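Data block below; observations after.
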Amino acid sequence: MPHHHTIPMPYAIILGLLLLSLIGNSSTARAQTKLPADAAREDFVELPAYIVKGERVLPDPESWLHVVIPDMEVTIGKRVIMMQGFEVLSRLSAKNTNVFVKELQLRQLASALFWPALGTKIPGDNPLILIDSEDNPWLSSENPMPIEWENIAASARITPPSQSAAMPIHTDMTDNNANDIFQDPAIEAMLPPGQPDESRISTPDDLPLVDGVVNIHTLGAGIYIKVRAGGTLNNSKISEERLAGMTNSKFARLRISRLRPPAPPWLQQGLGWLIESMTVSQSEIALGNKPIRIARGGDHQLAPLKSIIEDFNPRNPGHVHAASAFVQFGLYGEGSRYSPQFIQFASQTSQGPVDESTFTAIFGMSYAKMDRLLVSFTSSTSILRSTGMRGKIPPMPETIISQSTQSDIARIKSGILQSEGKNTQALDELRVAYWRGERDTKLLAALGDLESQFGDSVRAHKILKRVTEKTDAPARALVAYARMLLGEKQEKLSPGQKMPDAEARKLLEICARAARQRPVQEDLCALVADITLSVETPPDSQTAAFLKNALVQFPDNKSIREAAARVKPPAN
């Protein structure tokens, strides 16, 4: 039978204290399982063709592979870990795509084992990952009944409805008996502590990748990850396993960055490196046992500690390597000698800016002395203490890799482009798919949404109207259509005139449909607030409760604050 996994002392205290201040507030969302794209396609919506004046030559159809990684529930003793699902569009071979996917799943599990707060599912749709092996240029009535909001008003925070159980997986991991990781004793004897190993040349696995290899962007509730495969580091090809590790690390750093108070950028980078550099296999997982190695005179020298703490630049290799080295050394270097001071300093910097006097008061040394320790740490055979677990990890479910449809290619590429602010290109991707005859509902929802924002409003109205007539219309289409209708109605009003309650109610009913099928995000809450502010009558009790909860979730949104202020206090 599986038994409960524990992390040996004192490392449970070290990681616990650090992550209590950084990750303890992470929220948990219920899991959803998605079917592979070719298992159950939605029915198509018939719409008239675009009117095209003149001759239009469409680009050749593209060939990509499509993978849906389902959410998974992993049970380890009494612990239940929710592994986040992803949707992947890949231009790698099927074999290399499979390697990337399996490694990503394994590293997600490993991350959650050490940091339980990462073993949850984020609200909203699963993140989209695009892996491109080429350097493509774009890889840029009176007393009506209250509206039913699916019991959202009863919740202190807005959470998604449970839709289906995640795929269950059971595993048994035990703690390593030996947690002291040393270099070869013979090398230890030849190289006293702090003496550089002049013969050693840095390899790609010794160094954290700088930003640009794996980029992650957010747009509303969406998370979009672009992986530039086929690149090199130190004249060596970056493997799919390494790219998966970097993708998992970037995703974990995104979750850490969303916490309040936020961790400083250098600390996010360092924690990301620990996640990225984990030793992961089907039988063993180890954290903190792979030191950063930088050969003397190499191209990856460390930036001064003062610069990374006060002005961290994620695109500067010296900053990236120094931050990564400082976090790893602070937790595990010299037998974890400085871990209490490091945790205290990390907690202090998460509360606001610090200077060298704060550092000296905590560590009992100057920035310059720590710089010298980090140079020694990254250029010599250092003693590290790490934490790890051993035991057989069952294989992940078989990955279903299929040839992607033109609809999915356009939808995912468009999402990546829009997240990068390339709205015209994003709209063009969807239009080309439409001109090819693609009528997938998700594609049409995205097309109607982007047309309403950056394209033809008349065309957007036609598309969104037809899509929202479906009982299973995507929330994206419902929100875009309600927002468009609100704007059209307000344009017909005289200055100072309010919208009739009956018309506002119709719009709120559309919003309620959207709220019932996905985690409620800021765009929907702001839309409900704008509709509420467009009428004279204060909101009914259900909508009022929805707005109050929205204010808890999004306190900085002006429309939500103003609408919530109109809510009448309950009668005695």
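Since every read-out is calculated from the coordinates, none of them should be taken as a lab result. Note that the structure is predicted; figures quoted are calculated from it, not measured. All Cβ positions, glycine included, derive from the backbone under ideal geometry; neighbour counts span all protein chains shown.
Tell me the Kirkwood radius of the stretch 399-547: reciprocal of the mean inverse pair distance over distinct alpha-carbon atoms, in Å. That comes to 16.4 Å for the stretch 399-547. What lysines could a cross-link reach from LYS306, if we take a straight Cα to Cα line under 28 Å and drop same-chain neighbours fewer than 8 places away? Of all the lysines, those that pass the test against LYS306 - Cα under 28 Å, at least 8 places apart if same chain - are LYS250, LYS290, LYS369.
Largest first and in whole Å, the equivalent-ellipsoid semi-axes of the stretch 304-442 read 47, 23, 13, each the square root of five times a Cα gyration tensor eigenvalue.
Per residue, the convex hull around the alpha carbon atoms of the stretch 474-572 comes to 98 Å³.
Please list the three semi-axes, largest first and in whole Å, of the ellipsoid equivalent to the stretch 394-487, using sqrt of 5 times the eigenvalues of its alpha carbon gyration tensor.
They are 25, 16, 13 Å, listed largest first.
How much net charge surrounds GLN490 when only other residues with a Cβ under 13 Å from its Cβ are counted (Lys, Arg +1; Asp, Glu -1)? Net of charged neighbours comes to 0. Whole-Hz Karplus values for the stretch 92-103 come out as 6, 5, 4, 5, 5, 4, 5, 4, 4, 5, 4, 5 Hz, taken residue by residue from phi with 6.51 cos²θ - 1.76 cosθ + 1.60 and θ = phi - 60°; glycine and proline positions read x. As a quick test, which of the pairs LYS226/LYS548; LYS78/LYS392; LYS78/LYS413; LYS102/LYS413; LYS226/LYS462 have an alpha carbon distance above 29 angstrom in this structure? Beyond 29 Å: LYS226/LYS548; LYS78/LYS413; LYS226/LYS462.
Taking the Kirkwood radius as Rh and the Cα radius of gyration as Rg, the stretch 69-109 has a ratio of Rg/Rh equal to 1.07.
For the stretch 519-572, dividing the convex hull volume of the Cα atoms by the residue count gives 76 Å³ per residue. Each part reduced to its alpha carbon centroid, the stretch 440-474 and the stretch 360-376 end up 58 Å apart. Distance between the modelled labels on LYS498 and GLU62, one decimal in nanometres: 4.9 nm (7 Å Cα→Cβ projection). Modelled label positions at LYS462 and GLN351, each set 7 Å beyond Cα in the direction of Cβ, lie 6.1 nm from each other. For the stretch 405-483, applying the loop criterion from DSSP together with a ceiling of 16 other beta carbons within 10 Å to the GluC sites (Glu not before Pro) yields GLU469. For the stretch 457-527, the equivalent ellipsoid derived from the alpha-carbon gyration tensor has semi-axes of 21, 15, 10 Å in decreasing order. Between GLU469 and GLU310, the contour length at 0.36 nm per residue exceeds the alpha carbon distance by 51.9 nm.
Given their separation in residues at 0.36 nm each and the Cα-Cα distance between them, ILE400 and SER281 gain 40.7 nm when the chain is fully extended.
Backbone phi angles across the stretch 272-285, fed through the Karplus curve with coefficients 6.51, -1.76 and 1.60 (θ = phi - 60°), yield HN-Hα couplings of x, 5, 4, 5, 5, 8, 4, 7, 10, 8, 6, 10, 8, 10 Hz in residue order; Gly and Pro are listed as x.
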